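**Student:** There's a structure below that I have some questions on.
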Amino acid sequence: MKKTLALAAAMLLAGQFVNAQTQKGKQNFGLSGIYQHSTNSNGNLNSATAYPADQVSKSTFANIGPSYGYFIADDLELGGALSYTYNRQTNDYYSFPTTNFNEAKTNSFGVSAYFRKYVLYQNKIGFRTGPYAGYQWGKQDYNYIPGTSYGSKYTSYNVGGNFDLV
């Protein structure tokens, strides 16, 4: 609780000195990143064989990419972003005398363009919103043991809108 109060006080103090630079001609450089990993396991009794059955599932997701924006007018930003995404999911199932394992991996790259309108209170806090359009391409590999594997390539397009607190 004390840490939360100290962090809130520090953010309020810092808010008194910040000044958003969203004037025409300014540039905005950014880098985003996400990493997530989870492991789930469970055990039970296989009613058909009366032997224990164990299952372990793992998932790893990572995304990283730079962005660049240019303010074409006060509070109006035009920009673009690049991204790389890695996703891996595994599922291991064991029930005597059978062991099954499957794995799915995805590697993809993306590029997008965006237009953002900033709405700020006292040039310190507010939101930004606007449309974006993107293109993504990648490869997916699947492995199923015993002995089956295949891969596929894909492309996708996306269009949407963003709303961010700033």
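Just so it is clear, none of the values below were taken in a lab; they were calculated from the coordinates. From a predicted model like this one, the values you see are computed outputs, not experimental measurements. Positions of Cβ are generated from backbone atoms using ideal geometry, with glycine treated the same way; all protein chains shown enter the neighbour counts.
**Student:** FRET efficiency for residue 2 and residue 88, Cβ-Cβ distance as r, R0 = 45 Å, nearest 0.05?
**Tutor:** Values: r = 39 Å, r/R0 = 0.87.
In this case the efficiency is close to 0.70.
**Student:** Would you list which lysines come within 28 Å of residue 26, measuring only between C-alpha atoms, while excluding same-chain residues fewer than 8 positions from it?
**Tutor:** Here the lysines satisfying the reach criterion relative to residue 26 are 117, 124.
**Student:** Take residue 152, project a point 7 Å from its Cα along the Cβ direction, then tell me which residues of region 100-138 have their backbone nitrogen under 16 Å from it.
**Tutor:** Residues passing the 16 Å test: 103-108, 137-138.
**Student:** How large is the direction-averaged shadow of the alpha-carbon convex hull of region 57-166, in nm²? Before the final figure, lay out each step's value.
**Tutor:** Details: hull surface 35.9 nm².
Directional mean of the projected Cα hull area for region 57-166 stands at 9.0 nm².
**Student:** Using a 10 Å cut-off on Cβ atoms, rank the peptides 82-94, 32-44 from the highest mean neighbour count down. Could the numbers behind the result be given before it?
**Tutor:** Working: 82-94: 15.6, 32-44: 9.9.
Top of the packing list down: 82-94, 32-44.
**Student:** Just tell me which aspartates and glutamates come within less than 17 Å, Cα to Cα, of residue 24; anything on the same chain fewer than 8 places away is out.
**Tutor:** Cross-link targets: 74, 75, 77.
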